[in-house]
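Report on the structure given below.
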There are 2 protein chains.
Amino acid sequence: MEAAQNAANAVPGARSVPGRRIPVPGTVSPEFQAAIAAPYRVPAWNADPGNAAEWKALVARLAAQTAAPLPALRERLGVVSTPEVIGGVKAWIIAPKVVPERNRHRLLIHIHGGGYVYNPGEAGTVEAVLMAAFGGFTVISFDYRMPPDAPYPAAMDDAMAVWKAALGLQPAENMAVFGTSTGGGMTLALMLRAKREGVPLPAAIAPGTPWSDLTETGDSYKANEWLDNVLVSYDGVLTRAARLYAAGRDLRDPQLSPIYGDLRGLPPTILTTGTRDLFLSNTVRTHRKLRQAGVEASLQVFEGMSHAQYLFDPDAPETREVFTEIAGFLDKHLGSAAKTP
Amino acid sequence: MEAAQNAANAVPGARSVPGRRIPVPGTVSPEFQAAIAAPYRVPAWNADPGNAAEWKALVARLAAQTAAPLPALRERLGVVSTPEVIGGVKAWIIAPKVVPERNRHRLLIHIHGGGYVYNPGEAGTVEAVLMAAFGGFTVISFDYRMPPDAPYPAAMDDAMAVWKAALGLQPAENMAVFGTSTGGGMTLALMLRAKREGVPLPAAIAPGTPWSDLTETGDSYKANEWLDNVLVSYDGVLTRAARLYAAGRDLRDPQLSPIYGDLRGLPPTILTTGTRDLFLSNTVRTHRKLRQAGVEASLQVFEGMSHAQYLFDPDAPETREVFTEIAGFLDKHLGSAAKTP
């Protein structure tokens, strides 16, 4: 192996890496070892529906699977979810049964993930439930419109409408916006749009492993291909979802790929990813771009973790750790005083 | 590929990843693209000297190569190096020609890397020169004893002697300790030892991609094997160096692998690594352990970067970025007042 590898990498260029079996690391909790050992998520990662009806059937089936355990999860974590309409958008207010005093006048806006196609309805609220439970925050999670029915800019229009409505509920300096994957990309795009429109920004944001670049740009799209057991490869549902959502627009438009935007003036940001994450590069490139733009930005990278894997097992210590760290960061940056009348 | 990969990963367990050619990412500077494209560092990574004399010959040859460009580099970066003996240890005081006012009473201690075997003499001072140039700090870099002549604890004894001597030069609250790879591991081990001996700790530390675990523990030892073009694999000089240095001691002794130590009470820490780094897991595991211990800890991960690659090209923008970020972190945490007489 050594001699063959030296020979295959003896001239400058692409890195030649042999086929391998990479063991489950012993450096994470048993719960996370199980998540890392899990088979690829078929068909979530490689779905290729032939038409709108097939997309909708697949999305509905997966969403039902994701939503089914939610009532029991909320009950177990002591979290209450209340349907609401915020800024004309279907939403849920999700909060712990008792909100800690310091969070009484704070509000988080959650933007769910799912590649712009998955997780409609309550299926999109899992992360909001975890944040409410582990962070003690009141969270608004909303059901933005998605393709195939509603490509860009519908999702961003809904996000903007919810954010503007939220500004009537609590002071901007008491609020944060967060979300994972597509929700992380949308969080960043929302900041760029609010900046452009002169709308106040929140006190902090927490994009988790953000889909900040819809093009296949960034080293981990290749380096972590086949290693990440959640997204697996760009050449799966990601490619199709990006195309559906963009509906002909340039994928490098900063409203679709916010990494190409001007990030100056964004609020303090905490980013989360894992060493096996297909979006590791999306995350660290975003971190660097934020720092280069003078933004306070904190990065956490979890051992062995694939894409967004901190959303899958509420009982894994790493899940609690991710949300506790984010909550601590938000707690440091959010104001807590009531709105002046 | 897709069907074969799905089949190979259809049951829980080790991840099956096919052989691949991973392109040089376009998301880094041209200088860094050249570093990422570079062939494996043969024989640095896979050296296997048969006896002490062969070790010394190899080490001397590589050190001469590394030291040769130093005078020109110092000249170009406006940095002066003065030989000195600190705490009985051969050292260099390395400083910019003009030290900025706020750094006049600050002092950094640099612990060089090289797997406990490489970089004796001035070859060990490259990182100190970069930090002096990009951070504007006065730095003491020292030539600790190494195997095969001097296994553990000689290196740590020297580090401790230098640290104690430094405490007579500037107030602890104006000082930091930093180093890369082995130097990062020794930085952490030095903190544990100072804590145990009741010696004051510095105001901050900056372990770069620390060899915090000398055992082959951590996901990236496998996931980034053959991808990192600097260290390449644990099954090379690393294995041999760890054995030489430990000289029969348990590699999990926290003085050898500080990740197994009690990290509570360590000073604010900034950690640096790259997405292709064989020590990515060493770094993120250390970051998590520090955070779990309640230590303020900041993590920066650079796109496509292999192990310690920020030390190789002083002209790469990423090199300047690494040191500017570290310097900013230190500036925030170090005091600047003169020692009270």
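The values are calculated or read from the model by the stated rules, or taken from the named source; none is laboratory data. In this text the structure is predicted, and so the values were computed from the model without any measurement. As a convention, Cβ positions derive from the backbone with ideal geometry for all residues, glycine included, and neighbour counts pool all protein chains shown. Ligands, DNA and RNA are stripped out before the accessible areas are found, and what is left, the full protein with its side chains, is counted by its heavy atoms. Shrake-Rupley method; radii C 1.70, N 1.55, O 1.52, S 1.80 Å.
What's the FRET efficiency of A:VAL80 with A:MET1 using the Cβ-Cβ distance as r and R₀ = 60 Å, to the nearest 0.05? It comes to 0.60.
May I ask what percent, to the nearest 5, of DSSP beta bridges between residues of chain B are antiparallel?
Around 35 percent antiparallel, to the nearest 5.
Axis of helix A:237-246 versus longest Cα principal axis of chain A: the two differ by about 50°, to the nearest ten degrees.
Of all beta-carbon atoms in chain A, the one sitting closest to the axis that brings chain A onto chain B gives A:GLY19, 2, with the distance in whole angstrom.
Distances between copies of B:GLU84, taken at a point 7 Å out from Cα along the Cα→Cβ vector and listed shortest first: 6.1 nm. Applying the Karplus relation 6.51 cos²θ - 1.76 cosθ + 1.60 with θ = phi - 60° to segment A:63-72 yields 3J(HN,Hα) values of 5, 5, 4, 6, 6, 3, x, 4, x, 5 Hz, where x marks Gly and Pro. So which of B:LYS222/B:LYS332; B:LYS164/B:LYS332; B:LYS56/B:LYS97; B:LYS90/B:LYS289; A:LYS97/A:LYS339; B:LYS222/B:LYS289 end up more than 29 Å apart, counting from Cα to Cα? Table pairs above 29 Å Cα-Cα are B:LYS222/B:LYS332; B:LYS56/B:LYS97; B:LYS90/B:LYS289.
Approximating the spin labels as points 7 Å out from Cα along Cα→Cβ, the A:THR324-to-B:VAL99 distance works out to 4.1 nm.
In chain A, the portion of solvent-accessible area held by carbon and sulfur atoms comes to 55 percent [1.4 Å probe, whole percent, DNA, RNA and ligands not counted]. For segment B:77-89, backbone phi angles converted through the Karplus equation (6.51, -1.76, 1.60; θ = phi - 60°) give residue-by-residue couplings of 8, x, 10, 10, 10, 10, x, 7, 10, 10, x, x, 10 Hz, Gly and Pro being listed as x. A 1.4 Å probe, protein heavy atoms only, puts the accessible area of A:THR275 near 10 Å².
Candidates A:GLN33, B:ALA95, B:ALA242 compared by Cα position along the dipole of the protein assembly as shown: farthest toward the positive end lies B:ALA95, with charges placed on Cβ. Magnitude of the charge dipole for chain B, about its Cα centre and with charges confined to Cβ atoms of Lys, Arg (+1) and Asp, Glu (-1), is about 520 debye. For A:GLY26, inter-copy separations between label points set 7 Å beyond Cα along the Cβ vector come to 4.4 nm, shortest first.
When you filter the trypsin sites (Lys or Arg not before Pro) in segment B:237-341 for DSSP loop state and at most 15 other Cβ atoms inside 10 Å of their Cβ, you are left with B:ARG249, B:ARG252, B:ARG264, B:LYS339. Between copies, A:ARG61 shows label-point distances of 6.2 nm, shortest first, with the point placed 7 angstrom from Cα along Cα to C-beta. Compared with the dominant Cα axis of chain A, that is its longest principal axis, helix A:317-333 is turned about 50°. Rolling a 1.4 Å probe over the protein heavy atoms gives segment B:39-333 an accessible area of 32 Å² per residue. For chain B, the longest principal axis of the alpha carbon atoms and the long axis of helix B:126-135 meet at an angle near 70°. When the accessible areas of B alone and A alone are added and the area of the pair subtracted, with a 1.4 Å probe, the result is around 5200 Å², both sides summed. Counting Cβ atoms of other protein chains within 10 Å of each Cβ in B:230-238 and taking the mean gives 1. Computed over chain B, the P(r) curve from all C-alpha pair distances, binned at 20 Å from the origin, holds 32, 59, 9, 0 percent per bin. The convex hull defined by the C-alpha atoms of the protein assembly as shown has an orientation-averaged projected area of 30.1 nm².
Go ahead and estimate [θ] at 222 nm for chain A from helices alone: -39,500 (n - 2.57) per DSSP H run with n ≥ 4, summed, over the residue count, rounded to 500.
-11000 deg cm²/dmol
Using alpha carbon centroids, what distance separates segment A:156-184 and segment B:236-252, in Å? Taking the Cα centre of segment B:236-252 as reference, the centre of segment A:156-184 is 52 Å away. Between A:PRO151, A:PRO69, A:PRO23, the Gaussian network model of chain A with springs among Cα atoms under 10 angstrom shows the greatest mean-square fluctuation at A:PRO23. Building the convex hull from the alpha-carbon atoms of segment B:119-169 and averaging its projection over directions returns 3.9 nm².
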